[in-house]
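Only one structure is covered here, and it is reproduced in the block below.
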Amino acid sequence: MKVSRLIIIFLLGLASFISIDAQAQRDRSQNPKQQAKQQQELRQAREKKINNEMKEREERHVKIQDKKTRKRMKKNRKRSERLAKRGNSEPFFRRIFRKRHFKR
């Protein structure tokens, strides 16, 4: 009994002195350029997934509307696209009330 207890204590003491070589940080097997490229690809894949989901949601939103509403939505979308093409980036009230520099 005493001998087995001494052997166990000896083995535990020996095990505490043996250090296991473990790295605290993971090994960087890729260079920074490859990591940046991989991150860019992941970002693009995420953006593509999000854009596809948004497109599906918009299509579903239009699909559940009745015919009159869809026509009105289409009319307003075309109107907003046409107005956006004109290129008036500032609101009308700023264009009306801005100071003008007249020649004398």
Charge sum, other residues only, whose C-beta stays under 13 Å from Phe92's C-beta, Lys/Arg counted +1 and Asp/Glu -1: +3
At 1.4 Å probe size, what's the solvent-accessible area of Glu59? Round to the nearest 10 Å². 110
Averaging over all projection directions, find the projected area of the Cα convex hull of the range 25-70 and quote it in nm² with one decimal place. 4.6
Fraction of the pair-distance distribution of the range 48-104 above 15 Å, Cα-Cα pairs, percent: 71
Neighbours of Arg60 by Cβ distance under 14 Å: Lys/Arg at +1, Asp/Glu at -1, summed charge 0
For the pair Phe92/Gln30, report the inter-label distance in nm, with labels modelled 7 Å from Cα in the Cβ direction. 5.3
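The values are calculated or read from the model by the stated rules, or taken from the named source; none is laboratory data. Quick caveat, the model's predicted, so the values are computed rather than measured. Cβ atoms come from the backbone with ideal geometry, glycine included; neighbour counts cover every protein chain shown. Surface areas here come from the heavy atoms of the whole protein model, side chains and all, with no ligands, DNA or RNA. Shrake-Rupley method; radii C 1.70, N 1.55, O 1.52, S 1.80 Å.
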